[in-house]
Amino acid sequence: MVRGNEVSAVPVAEVFFSYQGEGIYAGQPQIFVRFSGCNLRCNYCDTTKALTATADKDTKYFTAQALSEYILNIYEKNKKLFFNKRGKPVISFTGGEPLIYAEFLTELFRKYIKKIFSIYMETNGSLPEQIKKIYKYCDVVAMDIKFKSACGTDLLKKHKEFLEICKDKAFIKTVITEDTKKEEFIKAVELISKTSKKIKFVIQPSGFDDVINKKVFEFYSIAVNKLEDVRILPQLHKLWQIA
């Protein structure tokens, strides 16, 4: 909600320092801002406490100024752990779905934190109109492809729109479960390939049993014939048992 020239407070599930647990920047120290609220309901979601603004008793409401001050405080406490001394420290905005709060993020980035931090945007890639509003502030867009078998909705058209906007800053992740269909995976690979074969694509197994392993390796062989950079990477934060 916008009041005058400022956006009112939005729900935040948690803000913390940790290490990126997935994608091509796995292992990188980051400050994480997890917003509450999501427009999707994926059956493998591991952050259910952030699905709605009232889902967890720890949810707090922050204005842009208050959140920037909170972030800076966490950064000061962990400054020595950011190994890239010449670059900006990284903040990962995640959720839930952070792009629900695009107006808030615009204010936060423009007024308070863009000069200090590198912006890493985690998103389900289903809100192209929202990414347009903040794309110029983002340094990395970690975009998920969500399959109909996981969320009940065919999002490929939205994903295509979204990726056309942010392809120069994006890499793509997708979670593979026992329910993931070969046909929908092929369509996703074709979508990426037609946008740019250079976009990095990360296949994330949801587990390590024989069924998942067989499917993941088969899917990798499909993707690597269409795209230049395909990787199989587990979600490390689950192995580490951290957020």
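Numbers at a glance
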{"read-out": "Highest-first arrangement of 205-215, 156-166, where packing means the average Cβ count within 10 Å", "value": "156-166, 205-215"}
{"read-out": "Along principal axes, Cα extents of segment 43-152, largest first, whole Å", "value": "43, 32, 27"}
{"read-out": "Of Ile199, Ile74, Ile131, the one that fluctuates the most in a GNM where the chain has Cα springs shorter than 10 Å", "value": "Ile74"}
{"read-out": "Estimated dipole of segment 120-165 in Debye, rounded to 20 [Cβ of Lys and Arg +1, of Asp and Glu -1, Cα centre]", "value": "140 debye"}
{"read-out": "Residue list for segment 113-154, given a label point 7 angstrom along the Cα-to-Cβ vector of Glu218 and an amide N cut-off under 19 Å", "value": "147-150"}
{"read-out": "The chain, relative contact order [Cα under 8 Å, separation at least 6], %", "value": "17 percent"}
{"read-out": "Helix-only mean residue ellipticity at 222 nm for the chain, each DSSP H run of n ≥ 4 adding -39500 (n - 2.57), per residue, nearest 500", "value": "-9000 deg cm²/dmol"}
{"read-out": "Per residue convex hull volume, Cα atoms of the chain, in Å³", "value": "123 Å³"}
{"read-out": "Dipole in debye (nearest 20) - segment 80-237, about Cα centre, beta carbon charges: Lys, Arg +1; Asp, Glu -1", "value": "880 debye"}
{"read-out": "Stokes-Einstein D in µm²/s, Kirkwood radius over Cα pairs - segment 147-219 at 37 °C with 0.692 mPa s viscosity", "value": "255 µm²/s"}
{"read-out": "With every protein chain in place, segment 150-191: carbon and sulfur % of accessible area (1.4 Å)", "value": "47 percent"}
{"read-out": "Cα-centred dipole magnitude for segment 70-163, charges only on beta-carbon of K, R (+1) and D, E (-1), debye, nearest 20", "value": "500 debye"}
{"read-out": "Long-range amide H partners of Glu97 with built H, under 5 Å", "value": "Gly37, Cys38, Asn39"}
{"read-out": "Prolate/oblate/rounded call for segment 99-243, Cα gyration tensor, a/c under 1.5 rounded", "value": "prolate"}
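The values are calculated or read from the model by the stated rules, or taken from the named source; none is laboratory data. Given the structure is predicted, the values throughout are model-derived calculations rather than measurements. Using ideal geometry, Cβ is built from the backbone for each residue, glycine included, and neighbour counts are taken over all protein chains shown. Remember, those area values only see protein heavy atoms, side chains included, never the ligands or the DNA or RNA. Shrake-Rupley method; radii C 1.70, N 1.55, O 1.52, S 1.80 Å.
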